[in-house]
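No value in this document is a laboratory result; all are computed from the given coordinates. All of these numbers come straight from a predicted model, not from anything done at the bench. Here the Cβ positions follow ideal geometry from the backbone for every residue, glycine too, while neighbour counts run over all protein chains shown.
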Protein chains: 2
Amino acid sequence: MKTRTKDYYVAQAAVIKAMGHPTRLLILNSLKKKETCVCELRDLVGDDISTISKHLLVLRKAGLVASRREGNWLHYRLTCPCVLDFTGCIAGLKR
Amino acid sequence: MKTRTKDYYVAQAAVIKAMGHPTRLLILNSLKKKETCVCELRDLVGDDISTISKHLLVLRKAGLVASRREGNWLHYRLTCPCVLDFTGCIAGLKR
DNA sequence: CAAGTATTTGGCTATTCGGTAAAATAGCCA
DNA sequence: TGGCTATTTTACCGAATAGCCAAATACTTG
């Protein structure tokens, strides 16, 4: 594989990989509806808060979410809602 | 997370996860253009053929590709070309 | 500054993943 | 059948990932 091509797919795969986890998909779908703080996400997901925080780090590194501080709370939001558009296509796959 | 909801996201994440690897993205994009045999994919990717075969297994399990035998050759094809439609959105992410 | 709340980070363990080489399988043809 | 080609499967190893707990950090309020 050419270096140029490889770099392109490596970058793209990094984002897709970040989306490829049930908890992170739930988080993304939740953020699609509205900006949400970490503690709300913990209640929604049910995992330890440090686990949630680590998932958010993965999503942040991928550029999928961003945060805004308001006092003690960090409000996360989806940077690019279109990333969830193709889930309909995936749902249609027979497996 | 509710069991029902969880199962849904687990299934969806499985497909996305299968897409989240540079080599597999290259394969999918190649198959988008035309049906291709494993040896052609090996030449394209440059990895060991058993590695390619494993990647194809991952894609098959996810339901993203299917194969058709013609003599010694197995021709792989994309089952649902729309799965690559959202890459444009991802490419637009600032990271 | 001290205490309290929200979130992140570090450290640990168990599990999964990616890659390679060697062996196994599947189909072709003499 | 036996040899040949294409592909998959198995076994193995090192690296990456997910989850939890405990400690650290960021900010607010008294």
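Under 4.7 Å Cβ to Cβ, no partner at all: give me those cysteines from chain A, in residue order.
So far as the 4.7 Å Cβ criterion goes, A:CYS37, A:CYS39, A:CYS80 stand without a partner in chain A.
How far apart are the B:LYS54 label points across copies, placing each 7 Å from Cα toward Cβ, in nm, shortest first?
2.3
One-quarter of the Cα convex hull surface for the protein assembly as shown, in nm²?
Taking the Cα atoms of the protein assembly as shown, their convex hull projects to 11.5 nm² on average.
As a test of understanding, state the convex hull volume per residue of chain A from its alpha carbons, in Å³.
Value for chain A: 129 Å³ per residue.
What does the average come to when, for each residue of peptide B:73-80, you count the partner chain Cβ atoms lying within 10 Å of its Cβ?
Per-residue shielding by partner chains comes out at 1.
Please find, in a Gaussian network model of chain A (springs between Cα atoms separated by less than 10 Å), the residue of A:ILE16, A:ILE52, A:ILE27 whose mean-square fluctuation is greatest.
A:ILE16
Please compute the average number of Cβ atoms from other chains found within 10 Å of each residue's Cβ in peptide B:17-28. Each step should come with its number before you reach the end.
Numbers: counts 6, 2, 8, 10, 6, 13, 5, 3, 6, 7, 1, 1.
Per residue, the average neighbour count from other chains is 6.
Evaluate the charge dipole of chain A about its Cα centre and quote only its size in Debye, nearest 20, assuming +1 on the Cβ of each Lys and Arg and -1 on the Cβ of each Asp and Glu.
Using Cβ point charges on Lys, Arg, Asp and Glu, chain A gives about 460 debye.
Considering only B:LEU31, B:LEU41, B:THR79, whose Cα is most displaced toward the positive end of the charge dipole of chain B, charges sitting on Cβ of Lys, Arg (+1) and Asp, Glu (-1)?
Ranked along the dipole, the leading option is B:THR79.
For the pairs A:LYS32/A:LYS54; A:LYS61/B:LYS34; A:LYS32/B:LYS6, flag any whose C-alpha to C-alpha distance is greater than 27 Å.
Listed pairs above 27 Å: A:LYS61/B:LYS34.
Can you pull out the trypsin sites (Lys or Arg not before Pro) in segment A:1-71 that DSSP calls coil and that have at most 16 other Cβ atoms within 10 Å?
In loop regions of segment A:1-71 (DSSP not H, G, I, E or B), the sparsely surrounded trypsin sites (Lys or Arg not before Pro) are A:LYS2, A:LYS34.
About the Cα centre, and with charges only on the beta carbon of Lys, Arg (+1) and Asp, Glu (-1), how big is the dipole of the protein assembly as shown? Nearest 20 debye, please.
Dipole size: approximately 100 debye.
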